[in-house]
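Asker: Have a look at the structure that comes next, please.
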Amino acid sequence: MRAPVKKIKGFTVFEVLIVMVLVGIVSGLAYPNFSEWRKDRAVKNSAIKIRGLFLNTTAQVQRGLYGFAQVYVNPKPTAVNEDEDEEEEEIKGISFISRGMKQNNISTQRSVRADIWNDPAERCLMEAGGNEGDTKGDFWDDDGTVSDKPEVSAFILKDIALNITNEAAVCFSKDGSLYGTNGGFINDNAYFGSSVWAIYICEDKSSSGDDYATPCTDESGNIQDNIKYLYALSWSRFGNITLYRYNSDDDEFAVQ
């Protein structure tokens, strides 16, 4: 007996077109949300990496490895030379570097640099250090750019901006007595108070052809109106590193 022939029915061209249109509509609705999520995530990841640098620096001080340590920030383009046969190229990004001074070197620096040591800003010296490479210094023992040690590090972050446009640094000591800052960090404002310093980290709103990232704040120190994704990293003279996310609707910071 002959088996019945099964009718195999496929999709018509019209049905395929309907499915494609529906997929396109759903994708179009979802893409803006996904794109915004990616931007926020990128800023947050950068803020977390910066927090890690601060945490590691203050941890080395509390452990006693360094009697004096610095986190250095430079928002200006960084000159790099990946090939010795080529000229240096400037990379648009923000440099973060940690540096450390051993306890036995503090006494030396107190003596040879007595003119700056009693000034909290001056002793937080923003010069390259370390005893390796071409940028030797006689102030910092270890420098993240030249010292091959896990206790110090250096990196460049792109596509973000800060509230500062010039180089800045903060220096820590175990008991806080040598604490000092140099540059435009936030201090004594309504959000964080007088005993806490902070830095804003936000999306870079500058054009692709601009040399510098557009800062998160205006000339008066207020957060720019067009900034949607902004984080703040705060610290005290004893460390106490805290990361916040800014909610523009409520004009408040929430701990992350």
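The values are calculated or read from the model by the stated rules, or taken from the named source; none is laboratory data. Computed from a predicted model, the values in this text were never measured in an experiment. Glycine also receives a Cβ, built like all others from the backbone with ideal geometry; neighbour counts cover every protein chain displayed. These accessible areas exclude ligands, DNA and RNA; they are computed on the full protein's heavy atoms, side chains included. Shrake-Rupley method; radii C 1.70, N 1.55, O 1.52, S 1.80 Å.
Asker: Check residue 111 against each of (1) modelled with pLDDT of 95 or more; (2) open to solvent by 10 Å² or more (accessible area, probe 1.4 Å) and name the one condition it does not meet.
Answerer: (1)
Asker: Next question. What about residue 147, is it out of contact with any helix residue (DSSP H, G or I) (no Cβ under 7 Å at 6 or more places or on another chain) and open to solvent by 80 Å² or more (accessible area, probe 1.4 Å)?
Answerer: no
Asker: Taking residue 103 and the conditions (1) at pLDDT 90 or above; (2) open to solvent by less than 80 Å² (accessible area, probe 1.4 Å); (3) more than 19 Å from residue 183 (Cβ to Cβ), which numbered condition does it fall short on, given that it satisfies the others?
Answerer: Single failed check for residue 103: (2).
Asker: Quick one: in region 244-254, of everything that is in a strand (DSSP E or B) and charged (D, E, K, R), which residue is least open to solvent (accessible area, probe 1.4 Å)?
Answerer: First, the residues of region 244-254 that are in a strand (DSSP E or B): 244-247, 252-254.
With charged (D, E, K, R) added as a condition, the list becomes 245, 252.
Working: 245: 74, 252: 111 Å².
Going through the qualifying residues, I end up with 245.
Asker: Also: Give 222, 226 a once-over and let me know the one that is more than 20 Å from residue 53 (Cβ to Cβ) and without any contact (Cβ under 8 Å) to a residue 12 or more places away in the chain. Show your work before the answer.
Answerer: Numbers: 226 fails: without any contact (Cβ under 8 Å) to a residue 12 or more places away in the chain.
Exactly one of 222, 226 is more than 20 Å from residue 53 (Cβ to Cβ) and without any contact (Cβ under 8 Å) to a residue 12 or more places away in the chain, namely 222.
Asker: Need at least 2 residues that are under 27 Å from residue 91 (Cα atoms) and in contact with a Lys or Arg (Cβ under 8 Å, 6 or more places away or on another chain) per element, so show me which strands (runs of 3 or more DSSP E) inside region 136-199 make the cut, counting only ones lying wholly within it.
Answerer: In region 136-199, 154-157 are the strands (runs of 3 or more DSSP E) which contain 2 or more residues that are under 27 Å from residue 91 (Cα atoms) and in contact with a Lys or Arg (Cβ under 8 Å, 6 or more places away or on another chain).
Asker: Conditions first: (1) modelled with pLDDT under 90; (2) surrounded by fewer than 12 Cβ atoms within 10 Å (Cβ to Cβ). Residue 64 passes all but one, so which condition is the exception?
Answerer: Result: residue 64 passes all but (1).
Asker: Six or more apart or on different chains, Cβ under 9 Å: which pairs go from a residue in region 240-256 that's in contact (Cβ under 8 Å) with a residue 12 or more places away in the chain to one that's surrounded by fewer than 11 Cβ atoms within 10 Å (Cβ to Cβ) and of a type in the set (Asp, Glu)? Could you list them?
Answerer: Qualifying pairs under 9 Å: 248/225.
Asker: Let me ask something else about it. Name the single residue that is modelled with the highest pLDDT among those in region 206-243 being of a type in the set (Phe, Trp, Tyr) and open to solvent by 70 Å² or more (accessible area, probe 1.4 Å).
Answerer: Top of the filtered list is 238.
Asker: Please pick out the residue among 210, 159 that is in contact with an Asp or Glu (Cβ under 6 Å, 6 or more places away or on another chain) and more than 25 Å from residue 106 (Cβ to Cβ). Steps first, answer last, please.
Answerer: Details: 210 fails: in contact with an Asp or Glu (Cβ under 6 Å, 6 or more places away or on another chain).
The conditions single out 159.
Asker: Yes or no: residue 46 closer than 30 Å to residue 229 by Cβ, touching a strand residue (DSSP E or B) at 6+ places or on another chain (Cβ under 6 Å) and either surrounded by 11 or more Cβ atoms within 10 Å (Cβ to Cβ) or at pLDDT below 70 (or both)?
Answerer: Here the answer is yes, as residue 46 does meet what is asked.
Asker: Right, another one. Residue check, residue 185 against (1) without any contact (Cβ under 8 Å) to a residue 24 or more places away in the chain; (2) touching a Phe, Trp or Tyr at 6+ places or on another chain (Cβ under 6 Å); (3) open to solvent by 30 Å² or more (accessible area, probe 1.4 Å), all met but one. Which one?
Answerer: Just one mismatch for residue 185, condition (3).
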